[in-house]
Each structure stands twice: as structure tokens, then as C-alpha cells.
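Input: a single structure, listed below in C-alpha cells.
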Amino acid sequence: AQKVTQAQTEISVVEKEDVTLDCVYETRDTTYYLFWYKQPPSGELVFLIRRNSFDEQNEISGRYSWNFQKSTSSFNFTITASQVVDSAVYFCALSEAAGGKLIFGQGTELSVKP
Amino acid sequence: SAVISQKPSRDICQRGTSLTIQCQVDSQVTMMFWYRQQPGQSLTLIATANQGSEATYESGFVIDKFPISRPNLTFSTLTVSNMSPEDSSIYLCSARRLAGVDNEQFFGPGTRLTVL
């Protein structure tokens, strides 16, 4: 069965600190997709990244970076020089290649204090 | 990506009544889904809305409680029937294209439902 685990329920940092959000997944599929979403206090779900199982290259987008390690079934998300606007709940999710439905982790609530 | 709108954005309903939530996508998509997010929780898939046929429900969700329609490739509705306070949640519509490399899954803004 597919499963996503975000062991960190809440993280609190001070502005400008770097922070890493952990995500560990389980799947028997050889082809799958991993996602990160941000849910700010307003409630909408904001897409951040999609990574397929064949692409293990790390990705950087501005202050955001993602580390995909198939060997440890992890897809961790790092925010560099965090800002107050980064405060939100972050969800990691997994989907089968063709099925489309997402299995979400429990979410990590990030609080960035000024 | 596509833009998804949902109506209503929020509602307060009485126990025993039903509410139908509409989801409109601005372009044709292959797959549409309905998720529920209970207060302080993660998202749970209710069902996959299939165009022109019955929805595919996940374990723990049944058609009598959550009837779903999808008459075309851009529109779907979810009804929450015979509501109780336990149905108070955010209900999110989601859509995904499977063509080519565009596998982004995008979400509507959600419908915040409170049942008294």
C-alpha cells in the first residue's frame, strides 16, 4: 500500500533560518510521482513541485530546494533564509503514475517568527 | 496548469440537510477528484469523479452519503447528504491531466462547510 509520512508535526524557526521538512514514502510502484503543496492560513492548496520517480536530480527554485533520494524513499524540502510569509502547513504527497489520486502525508505546520 | 473554481466558498448548514458543491475547471481535464480535509487534518480522497459514469469511491465513503456527478470534462458536483456536525470540513475539488508530461495536480480553493 502507498503511504506518506511527515514525522514533523510542527516546526518553529526564526526568520532567516534554514529549515528542512522531511517526507518519507512507501510504494510498490516503480513509476510514481511525488508532490509538495503549501497551505497558507487562507486555506488554498498551492502546488510547489512535482517529481517523477525516474528523475533523482535535486531541484532548486529560489529559496526552495528539494532532495529526492530513492535509496531512502525520501523527498525532503528545504527553505533557505526563511521568511514570515513561509508560515503555512506543508504537505508531501504521492501518486501512482496513471491513477492520479494523491496520498497525502499528515502535513508539517511551519511557523516562521520575525 | 488550470484554474478551478468552487461554489459555494463556505456555508453553514443545519443537521439533516444536504449541500451540493460545484467544481468548474477552465479547461478539459482527464481526471477530477474530491477530497475532504477535516479541521487540523490532512487531505483524504473521497472519490474519483468519472465522466459519464459512476464515481469511484475510496474506502469509508459511499455514494448514498456523497453522490457525485461529472457530466463533462470540466464540471463536477459533490453532494454531502443528511449532514451531521462530523461532516464539518473543507471539501476540495482537484483535477489532473495525464496527457504528455503535464502531470501537475491542481486544486480548487475549497468549500468550507460547517454543520450545526
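Filter the stretch A:60-85 down to the residues that are free of Cβ contacts under 8 Å to residues at least 40 places away in the same chain and either surrounded by 14 or more Cβ atoms within 10 Å (Cβ to Cβ) or basic (Lys, Arg) (or both) and list them by number.
Scanning the stretch A:60-85 gives A:Arg63, A:Tyr64, A:Ser65, A:Trp66, A:Asn67, A:Phe68, A:Lys70.
Under 6 Å between Cβ atoms, which residue pairs at least 6 apart in sequence (or on different chains) link something in the stretch A:100-114 that is free of Cβ contacts under 8 Å to residues at least 24 places away in the same chain and more than 7 Å from chain B (Cβ to nearest Cβ) with a partner that is polar (S, T, N, Q) and in a loop (DSSP other than H, G, I, E, B)?
none
Working carefully through the options A:Gln57, A:Gln2, A:Gln8, find the one that is open to solvent by 20 Å² or more (accessible area, probe 1.4 Å), in contact with a Ser or Thr (Cβ under 8 Å, 6 or more places away or on another chain) and away from every other protein chain (no Cβ under 12 Å).
A:Gln8
Could you figure out which of (1) over 14 Å from A:Leu34 (Cα atoms); (2) within 11 Å of chain B (Cβ to nearest Cβ) isn't true of A:Tyr64?
(2)
Identify, by number, the condition in (1) of a type in the set (Phe, Trp, Tyr); (2) out of contact with any Ser or Thr (no Cβ under 8 Å at 6 or more places or on another chain); (3) away from chain B (no Cβ under 12 Å) that A:Phe77 doesn't meet.
(2)
The values are calculated or read from the model by the stated rules, or taken from the named source; none is laboratory data. Just so it is clear, the structure is predicted and the values come from calculations on it, not from any experiment. Backbone-built Cβ (ideal geometry, glycine too); neighbour counts: all protein chains shown. Side chains included, ligands, DNA and RNA excluded: accessible areas come from the protein's heavy atoms. Shrake-Rupley method; radii C 1.70, N 1.55, O 1.52, S 1.80 Å.
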